[in-house]
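Here's the structure we're looking at; comments come further down.
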Amino acid sequence: MSKHRIETKCVQGGYTPGNGEPRQIPIIQSTTFKYATSEDMGKLFDLEASGYFYSRLQNPTCDSVAAKICELEGGTAAMLTSSGQAASFFSIFNIASCGDHVVSSSSIYGGTYNLFAVTMKRMGIDFTFVSPDCTEEELNAAFRENTKAVFGETIANPALTVLDIEKFAKAAHAHGCPLIIDNTFATPVNCRPFEWGADIVTHSTTKYMDGHGSAVGGCIVDSGKFDWTKYPDKFPGLCTPDDSYHGITYTERFGLEGAYITKATAQLMRDFGCTQSPQSAYYLNLGLESLHLRMKRHCENAQAVAEYLKKHPKISWVNYCGLEGDKYHELAKKYLPNGSCGVVSFGVKGGRKAAETFMKSLRLAAIETHVADARTCCLHPANATHRQMSDEELRAAGIPDDLVRFSCGIENAQDLIDDIAQALENV
Ligand SMILES: *Cc1c(COP(=O)(O)O)cnc(C)c1O
């Protein structure tokens, strides 16, 4: 499948049925798998043979869908997780422990920020947050002796900043660290971070990949390119024997292409159990089959909506990297030449009150905490996810009180614009 183009991989990647086998990926709704002898099973437990024994570790449905996402990103190994949050957590915790340090872009999803700055900090992992727009010097200055990874989002939710992936990859590699990219908003249809030097990619598949608001899920993909064995003291978990697996050394047994994901499955899935259900993986795959078509329409609709808003007298500002003159337009031309995503953010003149009036006047666009769905939805962070903050705190967090996050679906663009137009008349 790897020689095919992205559209073909969306439809047919990851699963090739044999003669007389189901055309669609079968839902293997079974927690467990049967073996003739304890010896056979023992080999699986010791990771000496590959096969299924318990769905907390691996399940054939989930593996087929992970294999598709792996092909889409151009990686060597991938795993599904129960959510995007679990993917973000595993991606770091697989290589960083208590006493370690991670450099992260400050422009990331709020849930990820909380995971890093609060919960993982309680586990003893320290994060330094840097602006995605920082200079190379500022970025290099953030590293410490014990830095284990660098993290950022291709297109940040909700700030819509575009990350200079090459700049972050260069700094990460200069300090012997892998670059982990959350590619949720761009999807591999619009950007493949491995082509720009990233080493590991994560996804909240809940968003565009599923695309229909059906199932919460996540995914981690490894490029297989980061050479852990060059830094054995930095990554002992990958480069020295694992006592909980009879002294297996992951890099020796599974090579650079398989070590990271095998370790995450064998240790983190075993111990934390954040698995995706086979049923959810099946829904995810249905979404992936049309991802290339939907992304194109999401982007066309967002471009049309952004251009309309930009000219509207009741709109104070618009963020969309597809707009000429947007702060991230140049980076978008480089990293996202075929389109970015369907999310536009903007300010309604008149602040919080005007944004509220605008939102409740919308008829097609539903108010939801969700984004990146086939159906257009929107959110006013000052009244929802960031409700506890004062106007002053909101400004400090870079979320003005008039900010509306508008996630364009795949409906007709003119219908979306008409809906916005009638809602703005009430403001
Ligand atoms: C939603 C989201 C997450 C978290 O994913 P869940 O599936 O909700 O756990 C992580 N990163 C980004 C960019 C997101 O938009």
query: Only one residue in Ser55, Ser97, Ser91, Ser82 is more than 21 Å from the chain's Cα centre (by Cα), closer than 24 Å to Ala215 by Cβ and not basic (Lys, Arg), so which one is that?
result: Ser55
- prompt: Within the range 25-70, can you find the residues that are part of a loop (DSSP other than H, G, I, E, B), within 24 Å of Tyr282 (Cβ to Cβ) and among the β-branched types (Val, Ile, Thr)?
  reply: Ile25, Ile27, Ile28, Thr31
- prompt: Considering Leu80, Leu115, which residue is assigned to a strand (DSSP E or B) and either surrounded by fewer than 21 Cβ atoms within 10 Å (Cβ to Cβ) or within 16 Å of the ligand (Cβ to nearest atom) (or both)?
  reply: Leu80
- line: Note on the range 73-107: residues closer than 27 Å to Val343 by Cα and in contact with a Pro (Cβ under 9 Å, 6 or more places away or on another chain) are Glu73, Gly74, Ser105, Ser106, Ser107
message: Filter the range 313-364 down to the residues that are assigned to a helix (DSSP H, G or I) and touching a residue at least 12 places away in the same chain (Cβ under 8 Å) and list them by number.
response: Leu331, Ala332, Tyr335, Gly351, Arg352, Ala354, Ala355, Glu356, Thr357, Phe358, Met359, Ser361
task: Inspect the range 103-110 for any residue being crowded, with 23+ Cβ neighbours inside 10 Å, at pLDDT 95 or above, within 30 Å of His380 (Cα to Cα) and more than 16 Å from the ligand (Cβ to nearest atom) and give the result as yes or no.
output: yes
- request: Go through the range 2-34 and give me each residue that's charged (D, E, K, R) and more than 28 Å from the chain's Cα centre (by Cα).
  value: Glu21, Arg23, Lys34
query: Is there a residue being over 14 Å from the mean Cα position of the chain (by Cα), free of Cβ contacts under 8 Å to residues at least 40 places away in the same chain and buried (at least 21 other Cβ atoms within 10 Å of the Cβ) anywhere in the range 157-164?
result: no
task: Check Ala174, Ala169 and return the single one that is away from the ligand (no atom under 11 Å from the Cβ), among the hydrophobic types (A, V, I, L, M, F, W, C), more than 27 Å from Val404 (Cβ to Cβ) and touching a Phe, Trp or Tyr at 6+ places or on another chain (Cβ under 7 Å).
output: Ala169
- prompt: What residue, among those in the range 152-162 that are in a strand (DSSP E or B) and either β-branched (Val, Ile, Thr) or out of contact with any Leu (no Cβ under 8 Å at 6 or more places or on another chain) (or both), is farthest from Val404 (Cα to Cα)?
  reply: Val162
Qualifying positions in the range 182-219 - among the aliphatic types (A, V, I, L, M) and near the ligand (Cβ under 9 Å from one of its atoms): Val216
task: Go through the range 29-53 and count every residue that is surrounded by 13 or more Cβ atoms within 10 Å (Cβ to Cβ) and touching a helix residue (DSSP H, G or I) at 6+ places or on another chain (Cβ under 7 Å).
output: 4
message: I need the full set of residues from the range 22-76 which are of a type in the set (S, T, N, Q), under 25 Å from Gly255 (Cβ atoms) and touching a residue at least 40 places away in the same chain (Cβ under 8 Å), in order please.
response: Gln58, Asn59, Ser64, Thr76
Output for the range 189-213, where each listed residue is crowded, with 24+ Cβ neighbours inside 10 Å and without any contact (Cβ under 8 Å) to a residue 60 or more places away in the chain: Ala198, Asp199
- line: Only one of Glu39, Glu48, Glu71 is away from the ligand (no atom under 16 Å from the Cβ) and within 22 Å of Thr154 (Cα to Cα), namely Glu71
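The values are calculated or read from the model by the stated rules, or taken from the named source; none is laboratory data. Because the structure is a prediction, the values reported are computed rather than measured. Positions of Cβ are backbone-derived with ideal geometry, glycine not excepted, and every protein chain shown enters the neighbour counts.
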